[in-house]
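The values are calculated or read from the model by the stated rules, or taken from the named source; none is laboratory data. Treat the numbers as computed from the prediction; the structure is a model and nothing was measured. Because the Cβ atoms are built from the backbone with ideal geometry, glycine has one as well, and the counts that use them run over all protein chains shown.
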Amino acid sequence: MATITTTPLAIPLTQQQYIREGKPLLWLNPYYQQTASAPNKPAQGEIYAADDRLRRFAPLLIELFPELENSAGLIESPLLATQQLHRTLNPIGGRLLIKADHALPVAGSIKARGGIHEVLCFAEQLALDSGLLNNTDDDYRKLFSNHAKNIFNQYEIAVGSTGNLGLSIGIIGAALGFKASVHMSADAKEWKKERLRKRGVEVIEHQADYGAAVAAGRAQSEANPYSYFVDDENSPRLFMGYAVAALRLKQQLDEQNIPVDADHPLFVYLPAGVGGAPGGITFGLKALFGEHVHCFFAEPVQAPCMLLGMAGEAGSEPVSVYEFDLKIATDADGLAVGQAAQWVCDAVRDEVSGVFTSYDQTLYQHLQQLHQQENIQVEPSAAIGCSGPAMLNTDQGRDYIARFKLKSQLNNSTHIIWTTGGSFVPDSEFQNFLDK
């Protein structure tokens, strides 16, 4: 017998049944543009503070990761035009671009920005408190020293992860000299665990899901006064690190002479797990472009936790996918999350246009199209945004376009598929994806 949730959800009953049956859908957010639905809104100025911090650390990051020399120490990905893929995936009109976070250096995924930013926040405070740095105008390359590493090595950085956040936290933590521990759920890929171990990171495996790995990591870290826990479910520092992507994207759009305004709407399709990365990016984009950008989250049919979280009431604990008899049975490991981050839902509930879901088989088809048509290699989870333009061509999508009077601007629109991970995937693993 199906479990019936008693929590009020702003989801039509027909779509609730689709969720239970694991069928794809596009849910339009009734809280969009209703500010009262997002009572935990951060200050927009924090985006610029995070960007400043990353720029302060840029000279040190070049020392730690020489591959960043060409980007002056900034961890950034290209904005790619598409040719064949545009014709394949976009029935709406306008142009189709790829924000290639699958190619972000250092950690190979979208988590590089947020995860590395949070560790740098902790390292900066330690360095200032200990006298390693005199102030924030100091030369941060001072932290590339044995003395600094000896101080950092007294502390542990810990995180719970399905994989990619663990990679970013572990890699930067170990590079700075911290002890690093990553609690990983059962669905995390073995190659990600091995990559961490080779960096000297302790990997602690949990047979349960992502939520259990986070809870275990949090509890273990709280018992150690010298441990700092990166809490993916409740971290403004992660969130703002992700939000910096909006500043970088605006610069790239300007460089390519692509306007975003009332006559040139921007549609962005973001893979969503617990919510921090897509939430932070959405927050940044809305701060810069306001009503002219339309952000849609993308999730597997078996793990639509952000859909359920966004559909809840302000201040309420997000409904778990288990209440809809779903098992998180998905190969999209980065999105295999059972319950959304309440903090993120309460920060951006009024800014997300909607959420769509996809079958795993659809992810693999898009993964193959990205490879064959654009020579791009991504993980299955990173391909999920490819369904976005087609979802706007459904009845629900056309309703959204009509409601916000966008139809006449579609030929001038820009659509961005945000690919979130994949460049570090071993060739044999990627071949398995293609075979599927």
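Listed values, structure above:
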read-out: Residue list for segment 143-164, filter: over 20 Å from LEU74 (Cβ atoms), touching a residue at least 40 places away in the same chain (Cβ under 8 Å) and either touching a Gly at 6+ places or on another chain (Cβ under 7 Å) or of a type in the set (D, E, K, R) (or both); value: GLU156, ILE157, ALA158, VAL159, GLY160, THR162, GLY163
read-out: Output for segment 338-357, where each listed residue is among the charged types (D, E, K, R), under 20 Å from GLU323 (Cβ atoms) and in contact with a helix residue (DSSP H, G or I) (Cβ under 7 Å, 6 or more places away or on another chain); value: ARG349
read-out: Any hit, segment 306-320, residues being of a type in the set (Gly, Ala, Ser), in contact (Cβ under 8 Å) with a residue 40 or more places away in the chain and touching a Lys or Arg at 6+ places or on another chain (Cβ under 8 Å); value: yes
read-out: Test: residue in segment 410-422 that is part of a loop (DSSP other than H, G, I, E, B) and of a type in the set (A, V, I, L, M); value: no
read-out: Residue count, segment 155-201 (criterion: basic (Lys, Arg) and assigned to a helix (DSSP H, G or I)); value: 5
read-out: Residues (buried (at least 24 other Cβ atoms within 10 Å of the Cβ) and closer than 28 Å to PHE144 by Cβ) located in segment 177-194; value: PHE178, ALA180, SER181, VAL182, LYS192
read-out: Residues (polar (S, T, N, Q), more than 23 Å from the chain's Cα centre (by Cα) and closer than 24 Å to HIS371 by Cα) located in segment 65-89; value: GLN83, GLN84, THR88
read-out: Number of the condition not met by VAL425 [criteria: (1) modelled with pLDDT under 95; (2) of a type in the set (A, V, I, L, M, F, W, C); (3) assigned to a helix (DSSP H, G or I)]; value: (3)
read-out: Residue in segment 283-299 that is surrounded by fewer than 24 Cβ atoms within 10 Å (Cβ to Cβ) and on the phi > 0 side of the Ramachandran plot present; value: yes
read-out: Residue tally, condition of a type in the set (Ser, Thr, Tyr) and closer than 14 Å to TYR32 by Cβ, over segment 395-416; value: 1
read-out: Any pair with Cβ under 8 angstrom, 6 or more apart, that starts in segment 218-234 at a residue that is of a type in the set (Ser, Thr, Tyr) and ends at one that is surrounded by fewer than 15 Cβ atoms within 10 Å (Cβ to Cβ) and assigned to a loop (DSSP other than H, G, I, E, B); value: TYR226/GLN154
read-out: Selection count where residues are surrounded by 14 or more Cβ atoms within 10 Å (Cβ to Cβ) and touching a residue at least 40 places away in the same chain (Cβ under 8 Å), scope segment 120-140; value: 6
read-out: Single residue of THR362, THR420 found to be in contact with a Pro (Cβ under 7 Å, 6 or more places away or on another chain), closer than 30 Å to ALA188 by Cβ and in contact (Cβ under 8 Å) with a residue 24 or more places away in the chain; value: THR420
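Let's see how each residue does on (1) touching a His at 6+ places or on another chain (Cβ under 9 Å); (2) farther than 25 Å from CYS386 by Cα; (3) surrounded by fewer than 18 Cβ atoms within 10 Å (Cβ to Cβ); (4) not assigned by TED's automatic domain parsing to the domain that holds LEU128:
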{"position": "ILE19", "(1), (2), (3), (4)": "no, no, no, yes"}
{"position": "GLY22", "(1), (2), (3), (4)": "no, no, no, yes"}
{"position": "PRO30", "(1), (2), (3), (4)": "no, no, yes, yes"}
{"position": "SER77", "(1), (2), (3), (4)": "yes, no, no, yes"}
{"position": "GLN83", "(1), (2), (3), (4)": "no, no, yes, yes"}
{"position": "LEU89", "(1), (2), (3), (4)": "yes, no, no, yes"}
